[in-house]
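Novice: Sending over a structure as structure tokens; questions will come in a sec.
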Amino acid sequence: MLEKAMQRDAESRIFEKEIKKLGEILMADPALLEKLDTTPDKSAFIDMYMAMAKERGLKFTRDDLLIAVQEQKQGQDWILPKKVIRMIADRF
């Protein structure tokens, strides 16, 4: 039963894999992290994060990103890298 629930969650939250992939890309490229860190506010941060994902063929929505951010702020589902979370804390 637990396995079925975990499988259902994995299938219904496909965006988590895509957001994690972008996080891995960002952590491997300090220049991208630095570029992201230049964003002055929440809206600009989201726009740049989404643009970076699109440029790399990753698919998730603004709402998916906001869900991930909110859950991490509540201490759940660690999807985003800590460095990105620090940037979010300054803007959100």
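Novice: Give me the percent relative contact order of the chain, please, defined on Cα pairs under 8 angstrom at least 6 residues apart.
Specialist: 37 percent
Novice: Using the crude model of +1 on Lys and Arg Cβ and -1 on Asp and Glu Cβ, and no other charge, please compute the dipole size for region 25-89 relative to its Cα centre, in debye to 20.
Specialist: Dipole of region 25-89, to the nearest 20 debye: 60 debye.
Novice: Let me ask something else about it. Considering the values (i) 94; (ii) 85; (iii) 132, which represents volume of the Cα convex hull per residue in Å³ as calculated for the structure under consideration?
Specialist: (i)
Novice: Looking at the chain, how many pairs of lysines come closer than 19 Å at the Cα, when each pair is eight or more places apart or spans two chains?
Specialist: Close lysine pairs under the 19 Å cut-off: 26.
Novice: Please give the length that would be gained between Q76 and T38 if that part of the chain were fully extended, namely 0.36 nm times their separation in residues minus their C-alpha to C-alpha distance (nm, one decimal).
Specialist: 11.0 nm
Throughout, read-outs are computed from the coordinates displayed, never taken from laboratory work. Worth saying up front: this structure is predicted, and the values here are computed from it rather than measured. Heads up, the Cβs are rebuilt from the backbone with ideal geometry, glycines too, and the neighbour counts pull from every protein chain shown.
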